Amino acid sequence: MNSFASLCKKASDVLERLCLFGAGVLLLVNLADVMLGVFGRFYRPPMWTMDLAKITLVWMVMLAAAPALKRGEHMAIEIIVNKLPDNLRWLVVWLRRIVFVCVLVAMIILGFNYAYKLRLLTIMTLNIKMAVPLLAVPVGMSLMLLEYLLGQFVPVGGTKTDQPEGGVS
């Protein structure tokens, strides 16, 4: 593995660990919040538990999406693609890559625009701006795009799983 591929693999590994650590912390916060909401119903439940649970769940999923992409854990149906002749399979694989990157870029742009439009609204129970939960989508998609681009420079044997086409199926 050359030095650039090695650097991309290290960056990808660090990004994966950071995303999983953040998702793990949010999972713990979410569990504690939901338990507080459930047991608080016997007394006087805090009003903010539902909003916090929703926000932490969305952020947790979006942070974990990039490591799932790297590990090849997103759903893919390859039965038809695998039966195609090699030259047509190559075309479909490249078309799939281009569409995947375009969808990620569109989600990033549209997500940031939407969060910006609603930046002045406040979630009253938590006293935070509406942009905080809305930014989960463009941030998560940006992390997925970065992970995908880094994976394109790592040899197939250099990833955790032997994924064809750089990790996206």
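Of all residues in region 39-54, those that are under 15 Å from L28 (Cα atoms) and either out of contact with any helix residue (DSSP H, G or I) (no Cβ under 8 Å at 6 or more places or on another chain) or in a loop (DSSP other than H, G, I, E, B) (or both) total 0.
As for region 83-96, it holds at least one residue that is β-branched (V, I, T), farther than 20 Å from K9 by Cβ, modelled with pLDDT under 95 and part of a helix (DSSP H, G or I). Taking the conditions (1) in contact with a Leu (Cβ under 7 Å, 6 or more places away or on another chain); (2) surrounded by 15 or more Cβ atoms within 10 Å (Cβ to Cβ); (3) more than 14 Å from D51 (Cα to Cα) in turn, L118 satisfies each one other than (2). Total residues in region 1-15 satisfying the condition of being exposed (fewer than 13 other Cβ atoms within 10 Å of the Cβ), free of Cβ contacts under 8 Å to residues at least 40 places away in the same chain and assigned to a helix (DSSP H, G or I): the figure is 3. Can you find even one residue in region 16-29 that is under 19 Å from the mean Cα position of the chain (by Cα), surrounded by 17 or more Cβ atoms within 10 Å (Cβ to Cβ), in contact (Cβ under 8 Å) with a residue 60 or more places away in the chain and assigned to a helix (DSSP H, G or I)? Among the residues of region 16-29, at least one is under 19 Å from the mean Cα position of the chain (by Cα), surrounded by 17 or more Cβ atoms within 10 Å (Cβ to Cβ), in contact (Cβ under 8 Å) with a residue 60 or more places away in the chain and assigned to a helix (DSSP H, G or I), which makes the answer yes. Is there a residue being over 24 Å from P138 (Cβ atoms) and of a type outside the set (K, R) anywhere in region 53-61? No: region 53-61 contains no residue that is over 24 Å from P138 (Cβ atoms) and of a type outside the set (K, R). Look at G111 and say whether it is surrounded by 12 or more Cβ atoms within 10 Å (Cβ to Cβ) and not in a loop (DSSP other than H, G, I, E, B). When the stated conditions are applied, G111 passes them.
Residues in region 49-66 include at least one that is surrounded by 15 or more Cβ atoms within 10 Å (Cβ to Cβ) and in contact with a strand residue (DSSP E or B) (Cβ under 6 Å, 6 or more places away or on another chain).
Rundown of residues vs (1) modelled with pLDDT of 95 or more; (2) farther than 24 Å from M144 by Cβ; (3) touching a Leu at 6+ places or on another chain (Cβ under 6 Å), yes/no style:
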| residue | (1), (2), (3) |
| --- | --- |
| M1 | no, no, no |
| E16 | yes, no, no |
| L36 | no, yes, no |
| I55 | yes, no, no |
| M62 | yes, no, no |
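Here A32 fulfils each of the conditions (1) surrounded by 13 or more Cβ atoms within 10 Å (Cβ to Cβ); (2) under 24 Å from P138 (Cβ atoms) apart from (2). The set of residues from region 1-54 being touching a Gly at 6+ places or on another chain (Cβ under 9 Å) and basic (K, R) comprises just one member, K9.
The values are calculated or read from the model by the stated rules, or taken from the named source; none is laboratory data. If you're wondering where the values come from, they're calculated on a predicted model, not measured in any experiment. With ideal geometry, Cβ positions are generated from the backbone for all residues, glycine too; neighbour counts draw on all protein chains shown.
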